[in-house]
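**Q** Structure incoming, see below.
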Amino acid sequence: MKQFLCIALALVGFISQGQNYPAKPKDQKPVYDYAKILTSSEENLLNRKLVQYADTTSTQIVIVTIESLEGSEINFYGTELAQKWGLGQKGKDNGILILVSKG
């Protein structure tokens with residue numbers, strides 16, 4: 001991928017006041033390209049690979065692209081988003097969020 005990838009592990013939650021986070025999607029998939037950074041073929045390929053990885057390891061990796069952090073630190077934003085969405089299996093701490101901010 002051509003973008004910068006910043007990784008925030010969903011380990012410890014931090015509370016960010018007044019921040020707008022994407023709502024937890026009803027359709028669960030590994031890639032949510034809200035910033036429209038990826039081509040449809042890139043998104044489809046990542047979805048297939050990450051579903052296969054989750055099926056073989058039980059580790060859930062989710063990629064989210066957003067337009068802007070709106071002044072927030074990426075590590076706090078990413079950790080809070082991962083917690084709000086409930087990434088990983090309960091009690092196993094095995095969810096990883098890859099957050100890309102376009103702005």
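The values are calculated or read from the model by the stated rules, or taken from the named source; none is laboratory data. For clarity, every value in this text was computed on a predicted model and none was experimentally measured. Here Cβ is always computed from backbone atoms with ideal geometry, including for glycine, and neighbour counts include all displayed protein chains. Accessible surface is based on the protein model in full, side chains and every heavy atom, while ligands, DNA and RNA are left aside. Shrake-Rupley method; radii C 1.70, N 1.55, O 1.52, S 1.80 Å.
**Q** Accessible area per residue for the range 52-98 in Å², computed with a 1.4 Å probe and the full protein assembly in place, what is it?
**A** The answer is 53 Å² per residue.
**Q** Enumerate by residue number the GluC sites (Glu not before Pro) in the range 28-97 meeting two conditions: DSSP loop (anything except H, G, I, E, B), and at most 13 other Cβ atoms within 10 Å of the site's Cβ.
**A** Numbers: sites: 42, 43, 67, 70, 73, 80; in loops: 67, 70, 73.
When the GluC sites (Glu not before Pro) of the range 28-97 are filtered for loop state and at most 13 Cβ neighbours within 10 Å, 67, 70, 73 remain.
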